[in-house]
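A.B. asks: I'd like to ask some things about the structure below.
The values are calculated or read from the model by the stated rules, or taken from the named source; none is laboratory data. Small disclaimer: the values here were computed from a predicted structure and weren't measured. Cβ sites come from the backbone with ideal geometry, for glycine too, and all protein chains shown count toward neighbours. Remember, those area values only see protein heavy atoms, side chains included, never the ligands or the DNA or RNA. Shrake-Rupley method; radii C 1.70, N 1.55, O 1.52, S 1.80 Å.
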Amino acid sequence: MTWHILGAGSLGSLWAARLFRAGIPIRLILRNQTRLQAYSAADGLTLVEQGEARRYPIAAETPETPGPISRLLVACKAYDAEPAVRQLAHRLAPGAELILLQNGLGSQDAVAACVPQARCILASSTEGAFRDGDFRVVFAGQGFTWLGDPKLPQAPAWLPDLVRADIPHAWTPDILSRLWRKLALNCAINPLTVLHDCRNGGLSDHPAVVAALCSELAELLRGCGQPETAAGLHAEVLKVIQATAANFSSMHQDVARGRRTEISFLLGHACTVATQLHLELPRLQSLHARLTDYLGQHGLPVN
Ligand code: NAD
Ligand code: KPL
């Protein structure tokens, strides 16, 4: 069965190249005719691994191309996922499955609500990729992808495709815990690196602030029914700060490049859920307000 890949950016291209070279039928869905023409001119998608670039002539189309879609990998940013899927809703075949690669939380529910006829499988990935040219992606960091469906524990039939394509992954009955854990890590680290304009390791100079944030995030996690993630959060955040000390967080990189962040699906989502649960988390709320101000002052969207 053909995989359609919506979004030929960093992660979408990384998945596309590996599926394609494993002989699995795939088609890229690009935004419009202009992007399709640019893609044709580029003669395919280029993936750079360990300094070596290879081009893959993967078939591509636009959302307007007719034909049913049974398996859709949604590889857009969280803020683009719902509108991008909405324009394909009429093409989804009965029993269609969507794999949602978005970081954070909130976008997955929005997508599921606009295509109630489809099964939505959620993913949480620690793989790293970035674009260094049009339709050219660098595989920057080996990682792992957790996949799961909070509504249905049964694994999908296509997992062997990922084995063939050498995409490190596992099916988990508890994907929401994985997503909450990553969201909490991102909330404890990324906004502070933006506000202090520092690498992750720079947060070692602010131990009390990190500890206080972790305490509020742990309260939020307990409120969301994630007590195990809450218990180890502070220690894990310190471990990640140390292990990634030399790196700039993804949010810092977005801001430095003048790109829209996924704030609404990370810190924004955490604050929204806290309000829904009637939790008072003043440090989290104040961090959100400071980050929002900062983004606004730098001419970036605040949602
Ligand atoms: P990206 O910006 O590199 O790619 C997104 C692509 O989606 C872009 O090419 C964009 O043009 C395309 N797109 C948006 N709307 C579209 C539409 N309507 N039709 C067709 N294409 C459309 O983003 P990314 O870095 O690949 O991130 C995707 C998601 O994966 C994010 O939520 C991110 O947080 C998560 N993630 C990324 C990485 C990484 O290393 N890049 C790692 C883990 C998780
Ligand atoms: O995922 C991250 C990011 O930069 O987005 C880490 C490295 C965990 C920092 O929060």
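A.B. asks: Among the residues in the stretch 128-143, are any within 26 Å of CYS224 (Cα to Cα) and either open to solvent by 10 Å² or more (accessible area, probe 1.4 Å) or away from ligand 1 (no atom under 11 Å from the Cβ) (or both)?
C.D. replies: Checked against the condition, which is being within 26 Å of CYS224 (Cα to Cα) and either open to solvent by 10 Å² or more (accessible area, probe 1.4 Å) or away from ligand 1 (no atom under 11 Å from the Cβ) (or both), the stretch 128-143 yields no hits at all.
A.B. asks: Continuing with this model, one more query. Does LEU221 count as open to solvent by 20 Å² or more (accessible area, probe 1.4 Å) and under 24 Å from the mean Cα position of the chain (by Cα)?
C.D. replies: Criteria not met by LEU221.
A.B. asks: Residues of the stretch 201-222 being of a type in the set (Ser, Thr, Tyr) and farther than 15 Å from LEU233 by Cβ, which ones?
C.D. replies: SER204
A.B. asks: Continuing with the same structure: Just to be sure I understand, how many residues within the stretch 143-180 are farther than 15 Å from GLN108 by Cα and assigned to a helix (DSSP H, G or I)?
C.D. replies: Total satisfying the criteria: 6.
A.B. asks: Take the stretch 102-126 and flag every residue that is within 16 Å of ligand 2 (Cβ to nearest atom), open to solvent by less than 20 Å² (accessible area, probe 1.4 Å) and either assigned to a loop (DSSP other than H, G, I, E, B) or more than 30 Å from ALA188 (Cβ to Cβ) (or both).
C.D. replies: Those that are within 16 Å of ligand 2 (Cβ to nearest atom), open to solvent by less than 20 Å² (accessible area, probe 1.4 Å) and either assigned to a loop (DSSP other than H, G, I, E, B) or more than 30 Å from ALA188 (Cβ to Cβ) (or both): GLN102, GLY104, LEU105.
A.B. asks: Follow-up. With the checklist (1) charged (D, E, K, R); (2) more than 26 Å from GLN253 (Cα to Cα); (3) within 16 Å of ligand 2 (Cβ to nearest atom) in hand, flag the one item LYS77 doesn't pass.
C.D. replies: If we test LYS77 against (1) charged (D, E, K, R); (2) more than 26 Å from GLN253 (Cα to Cα); (3) within 16 Å of ligand 2 (Cβ to nearest atom), just (2) comes out false.
A.B. asks: Now a separate question. Name every residue in the stretch 249-270 that is under 20 Å from GLN297 (Cβ atoms), among the hydrophobic types (A, V, I, L, M, F, W, C) and buried (at least 20 other Cβ atoms within 10 Å of the Cβ), in order of residue number.
C.D. replies: MET251, VAL255, ILE263, LEU266, LEU267
A.B. asks: With (1) closer than 16 Å to ALA123 by Cα; (2) of a type in the set (Asp, Glu); (3) touching a Lys or Arg at 6+ places or on another chain (Cβ under 7 Å) as the list, and ASP161 as the residue in question, which single condition is left unmet?
C.D. replies: Only one criterion is unmet by ASP161, namely (3).
A.B. asks: ALA38 passes all but one of (1) in contact with a Ser or Thr (Cβ under 7 Å, 6 or more places away or on another chain); (2) more than 26 Å from ASN303 (Cα to Cα); which number fails?
C.D. replies: (1)
A.B. asks: Search the stretch 249-267 for residues being away from ligand 1 (no atom under 12 Å from the Cβ) and within 17 Å of the chain's Cα centre (by Cα), and hand back the single one that is nearest to TYR79 (Cα to Cα).
C.D. replies: Going through the qualifying residues, I end up with LEU267.
A.B. asks: Tell me the residue from LEU238, LEU279 that is within 13 Å of ligand 2 (Cβ to nearest atom) and in contact with a helix residue (DSSP H, G or I) (Cβ under 9 Å, 6 or more places away or on another chain), please.
C.D. replies: Within the list LEU238, LEU279, the selection yields LEU238.
A.B. asks: Evaluate the following for ASP166: is it surrounded by fewer than 20 Cβ atoms within 10 Å (Cβ to Cβ) and under 30 Å from GLU52 (Cβ atoms)?
C.D. replies: For ASP166, the condition - surrounded by fewer than 20 Cβ atoms within 10 Å (Cβ to Cβ) and under 30 Å from GLU52 (Cβ atoms) - is met.
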